[in-house]
Amino acid sequence: MLETERLAAQEPKSGKVLISPKDTEKMTSSQTEASAFRITVQPSARTFTADAGETILAAAIRQGIGMPYGCKDGACGSCKCRKLEGSVVHGAHQSKALSEEEEANGFILSCCGVAQSDLVLESRQVTEAGALPVRKMPTRVSLLEKKSHDVMLLRLQLPASENFAYHAGQYVEFILQGGVRRSYSMANAPHTQADCGGLELHIRHLPGGTFTDQVFGALKEKDILRIEGPYGSFFLREESDKPIVLLAAGTGFAPLKAIIEHMQLRGSTRPTTLYWGGRRPQDLYLDAWVKARLLEMPHLRYVPVVSDAQPGDAWSGRTGFVHRAVLQDLPDLSPYQVYACGTPLMVEAARADFARAGLPPDEFYADAFTSEADKAADLATA
């Protein structure tokens with residue numbers, strides 16, 4: 001997560017992407033007349049229906065179909081899948097999430113793609129079990145604790161009668177004034193909610209950010225914030241026994257911390273290595289927490305990596321890009337499963353380089369995000 005703004009460098013994963021007037025002109029008369037289209041996902045053969053004008057992903061979430069996705073707004077590309085049959089129109093999205101060449105070759109983004117006919121899609125990461133229900137609820141700020149100069153640990157207390165179900169690695173959306181939304185991953189596993197008093201989030205400050213300025217300025221304990229979730233398909237696939245690489249940059253560590261806690265609860269014996277990168281040593285803001293887990297989890301290894309160490313840092317550890325440290329240690333990734341959390345640039349670089357190192361495409365799970373400023377710049381360029 002090359003420091004941006006979403007809960008892990010963060011201020012991304014915002015709300016709905018609407019179809020632009022230009023794209024609306026492309027819609028056929030059948031789209032406006034049809035009440036719903038049937039969507040089949042292969043090879044799972046799961047089916048669901050999408051209403052006229054409804055994005056494919058929104059329809060899947062509404063009906064409990066666990067398709068892969070991340071940001072929900074055309075920025076990260078995590079929901080990219082292949083269209084085998086049918087017609088789709090896209091709303092606004094970033095070119096790095098779906099290029100013109102990819103679209104010409106039949107790929108779509110389910111988060112901003114709207115069916116124009118019945119569809120057959122290919123998406124190999126569709127989960128067999130139904131997705132957890134998405135809920136809205138008020139939360140109370142119970143703790144604001146700076147972990148570094150630009151990272152705040154935020155704890156949210158849930159209503160006493162609420163039991164918030166989510167998978168370790170998923171995220172929630174904050175519903176701000178005017179319907180603006182900002183998304184952040186839970187940094188604690190579900191079973192820890194009672195002990196830590198609710199949900200833990202790690203928020204990096206990006207000056208000028210709609211939500212992060214509030215967190216680092218006006219927000220105080222006992223304030224009320226509204227959330228909706230859980231969202232995302234970034235969580236541990238426990239049916240596998242493959243060794244695991246956890247890859248994070250900056251506050252991209254947050255969902256991986258939740259996954260590590262979940263693995264510890266389950267007594268996982270899968271060999272797991274966390275590669276955590278930051279520009280400076282202080283960006284590894286919970287380094288001591290990870291080292292404490294190493295004493296309790298014999299199958300966990302930890303490789304911290306710093307890309308821009310300064311003489312005063314007294315850093316003697318690994319340097320460079322964090323995903324390249326993985327390749328230096330593991331030149332053959334064919335037996336592994338990878339969970340990567342960071343900006344689209346980092347995630348896509350890892351995806352491409354790891355594939356060349358033999359990692360099967362279906363064993364790369366990612367939570368990619370970008371800042372609102374980056375999204376606006378990309379759309380303006382497009």
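Only a single criterion out of (1) more than 22 Å from the chain's Cα centre (by Cα); (2) in a loop (DSSP other than H, G, I, E, B); (3) farther than 27 Å from LEU236 by Cβ is not satisfied by ASN163, namely (3).
Note on region 47-66: residues that are part of a helix (DSSP H, G or I), more than 16 Å from ASP118 (Cβ to Cβ) and under 18 Å from the mean Cα position of the chain (by Cα) total 3.
On the stretch given as region 38-91, residues that are at pLDDT below 90 and more than 26 Å from LYS136 (Cα to Cα) total 4. Checking each residue in region 33-59 for being closer than 21 Å to GLU173 by Cβ, of a type outside the set (S, T, N, Q) and without any contact (Cβ under 8 Å) to a residue 60 or more places away in the chain picks out LEU57, ALA58, ALA59.
Could you please let me know if LYS83 is in a loop (DSSP other than H, G, I, E, B), surrounded by 16 or more Cβ atoms within 10 Å (Cβ to Cβ) and in the same structural domain as ILE39 (by TED's automatic domain parsing)?
Taking the combined requirement at face value, the residue does not satisfy it.
Taking the conditions (1) in contact with a Gly (Cβ under 6 Å, 6 or more places away or on another chain); (2) of a type outside the set (S, T, N, Q); (3) at pLDDT 95 or above; (4) in a loop (DSSP other than H, G, I, E, B) in turn, LEU156 satisfies each one other than (4).
Yes or no: LYS96 of a type in the set (D, E, K, R) and within 18 Å of the chain's Cα centre (by Cα)? Taking the combined requirement at face value, the residue satisfies it.
Taking residues in region 154-175 that are under 10 Å from LEU199 (Cα atoms), and partners anywhere that are β-branched (Val, Ile, Thr) and not in a strand (DSSP E or B), the pairs with Cβ atoms closer than 9 Å and at least 6 places apart or on different chains are LEU154/VAL215.
Going through (1) surrounded by 23 or more Cβ atoms within 10 Å (Cβ to Cβ); (2) part of a helix (DSSP H, G or I); (3) touching a residue at least 60 places away in the same chain (Cβ under 8 Å) one by one, HIS262 falls short only on (1).
Within region 125-150, can you find the residues that are in a loop (DSSP other than H, G, I, E, B) and surrounded by fewer than 14 Cβ atoms within 10 Å (Cβ to Cβ)? Hits for region 125-150 are GLU128, ALA129, GLY130, PRO133, HIS149. Just checking, does region 261-274 include any residue being closer than 24 Å to PRO344 by Cβ, in contact with a Ser or Thr (Cβ under 8 Å, 6 or more places away or on another chain) and not assigned by TED's automatic domain parsing to the domain that holds ASP195? Scanning region 261-274 turns up no residue that is closer than 24 Å to PRO344 by Cβ, in contact with a Ser or Thr (Cβ under 8 Å, 6 or more places away or on another chain) and not assigned by TED's automatic domain parsing to the domain that holds ASP195. So in region 316-373, with the set limited to residues that are of a type in the set (S, T, N, Q) and not in a strand (DSSP E or B), which one is surrounded by the fewest Cβ atoms within 10 Å (Cβ to Cβ)? Residue satisfying both the conditions and the ranking: SER316.
The values are calculated or read from the model by the stated rules, or taken from the named source; none is laboratory data. Note that the structure is a prediction, hence the values are computed from the model and not measured. All Cβ positions, glycine included, derive from the backbone under ideal geometry; neighbour counts span all protein chains shown.
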